[in-house]
Amino acid sequence: MTTLSRTKFLALVVVCACLNLGTGFVVATIRLPFYLDSIGTVLATMLGGVWAGIACGLLSVLVGTAYTPTLWAYAGTTVAIAGYVAAVRRVGYLQRLIPTVFLGLGLGVVSAIVSAPVTTFVWKGVSFSGADAITAFFSATGETLLNSVVLGGIATDPVDKLVTSLVVLAVLRRLPKKWFEKPQA
Amino acid sequence: MNTSRGMDRLLIALLLLSSGVVVPNLLLLPSSVVACSIVTIVHKGKFVTTVLRFLTLWLCLYLLVATGRYISGASLRSLVVQGSGSLGLALGVSFSVLLVVTGPPAETLQAFERLRVPRGFAYALLSVLRLLPEIKDVGSRQIALLELKGIAGRGFRGRCVAYGRIIGPLLVLLLERQSTHARSLEARGFFELRRLRPIGRGVTLTGRGVISAILLLLNAVLWCWVARWIS
């Protein structure tokens, strides 16, 4: 492993973690109805591989916990997002529009399913976001808490992750080619 | 640069993290108030803003979780006495990170180095913490600019366009800053430097650090005892 590749790996992880956290701030300020808090993780996985994505996600969770105390419990979700992106990049995800749309929706479903047990068992169904209203609706219809959280997540996460995927696709198309050389972890 | 002060900070962060997990639910509030007061007094009020922010955060979080649990049938007594590892961990991690964030980065990096934490991890953590305020600053300026032009406020479409116009400059800023950082790191041989003395030899604490560590330990023990006495 050369020093250059290690430095590049770290730079990529830092940039993408900052993008994760900074985008959250921008989205909250301009009042967009999305979270868009995994743009950095997806971008890092695309540019640096699965380890860069995982490192970026975990770093974002660690720093983000200082501002949002419940975030630490979702560390597994960021790992799952990085794993999913690394797995589906070979079938055209974030390279062509149509696969990006469908696999972006799939990313939302994966994210909702992985987050649901955490929200259910650690936070008793409260995710401190707009999805809580949908969870309460499903809960009122007689579904179990876990099912309600999963359904609430599936109702909101795919749209968020679709927008995330489209933003990352737009960013990737504008980045210089040298950033696509994969650094080693 | 004082490595011992960085080490103090890490030790206190670790103690706060563990006391967050050990002390049960509602007793976390008085326990945290005492812990924060200890840290603030011993370190001459340097953490006041951090402490206030942290306590507000914790109170909101606790009230949300407690309300949810009370509605779903938990007794008031259990809300006070029963432990909630997740809430405590949220509290502990949050406060520990805030404590490390408010310290001088060079001291923290040296302290991490003494504890044999990988240099890359310490560097990445401190870089993110250093870049975040800049990102917020640039983001706020861009939003103000777009509002002046009348783009940001025009419904959902306007907000999406505003987002698209902000994310570009943000990414450029980040890439520019990190490229400069990476080049300077390589030029100085950051990753080729030999490690400092092994763990144990270079680990020193200041008197204040030792005093606050002992007081924090006593504080955690006291609140655990109070919980046992109540139950």
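Taken over region B:90-109, the criterion of being facing chain A (nearest Cβ under 9 Å) and over 9 Å from the mean Cα position of the chain (by Cα) is satisfied by B:90, B:91. Of all positions in region B:134-157, at least one carries a residue that is among the charged types (D, E, K, R), surrounded by 14 or more Cβ atoms within 10 Å (Cβ to Cβ) and in contact with a Lys or Arg (Cβ under 8 Å, 6 or more places away or on another chain).
Let me confirm something: among A:47, A:10, which residue is part of a helix (DSSP H, G or I), over 18 Å from residue A:130 (Cβ atoms), touching a helix residue (DSSP H, G or I) at 6+ places or on another chain (Cβ under 8 Å) and at the interface with another protein chain (Cβ under 10 Å from one of its Cβ atoms)? Answer to the check: A:10.
Conditions (1) within 19 Å of residue A:17 (Cα to Cα); (2) under 13 Å from the mean Cα position of the chain (by Cα); (3) more than 12 Å from every other protein chain (Cβ to nearest Cβ), marked per residue:
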{"site": "A:35", "(1), (2), (3)": "yes, yes, yes"}
{"site": "A:65", "(1), (2), (3)": "yes, no, no"}
{"site": "A:70", "(1), (2), (3)": "yes, no, no"}
{"site": "A:73", "(1), (2), (3)": "yes, no, no"}
{"site": "A:98", "(1), (2), (3)": "no, no, yes"}
{"site": "A:111", "(1), (2), (3)": "yes, yes, yes"}
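Within region B:111-163, restricting attention to residues that are in contact (Cβ under 8 Å) with a residue 60 or more places away in the chain and in contact with a helix residue (DSSP H, G or I) (Cβ under 8 Å, 6 or more places away or on another chain), the residue that is farthest from the other protein chains (Cβ to nearest Cβ) is B:114.
Exactly one residue out of A:91, A:101 is farther than 30 Å from residue B:98 by Cβ, in contact (Cβ under 8 Å) with a residue 60 or more places away in the chain and surrounded by fewer than 16 Cβ atoms within 10 Å (Cβ to Cβ), and it is A:101. Among residues that are under 22 Å from residue B:63 (Cα atoms) and under 19 Å from the mean Cα position of the chain (by Cα), residue A:139 is not included.
Looking across region A:31-53, the residues that are surrounded by 21 or more Cβ atoms within 10 Å (Cβ to Cβ) and without any contact (Cβ under 8 Å) to a residue 60 or more places away in the chain come down to A:37, A:40, A:41, A:44, A:45, A:53.
Considering only region B:164-184, state which residues are over 15 Å from residue B:144 (Cα atoms) and either touching a residue at least 40 places away in the same chain (Cβ under 8 Å) or small (Gly, Ala, Ser) (or both). Can you show your working first?
Here is the first cut: in region B:164-184, the residues over 15 Å from residue B:144 (Cα atoms) are B:168, B:171-184.
Scanning region B:164-184 gives B:168, B:174, B:177, B:178, B:179, B:181, B:182, B:184.
Contact list please: Cβ distance under 9 Å, first residue in region A:125-142 and closer than 13 Å to residue A:156 by Cα and within 14 Å of chain B (Cβ to nearest Cβ), second residue in a loop (DSSP other than H, G, I, E, B) and not aromatic (Phe, Trp, Tyr), pairs at least six apart or on different chains. Matching pairs, first to second residue: A:132/A:125; A:132/A:126; A:135/A:125; A:135/A:126; A:135/A:127.
Grab the helices (runs of 4 or more DSSP H) fully contained in region A:76-185, keeping just those with 2 or more residues being at pLDDT 85 or above and of a type in the set (Asp, Glu).
Numbers: elements: A:97-117, A:131-140, A:145-174.
Where helices (runs of 4 or more DSSP H) fall fully within region A:76-185 and carry at least 2 residues being at pLDDT 85 or above and of a type in the set (Asp, Glu), they are A:145-174.
Whether any residue in region A:34-48 is more than 24 Å from residue A:102 (Cα to Cα) and at pLDDT below 90 is what I want to check. Please lay out each step first, then the result.
If we filter region A:34-48 for residues that are more than 24 Å from residue A:102 (Cα to Cα), which is where we start, we get none.
Looking for residues that are more than 24 Å from residue A:102 (Cα to Cα) and at pLDDT below 90, one finds none in region A:34-48, hence no.
The values are calculated or read from the model by the stated rules, or taken from the named source; none is laboratory data. The model shown is predicted, which means the values in this text are computed figures rather than measured ones. Virtual Cβ from ideal backbone geometry, glycine too; neighbours counted across all protein chains shown.
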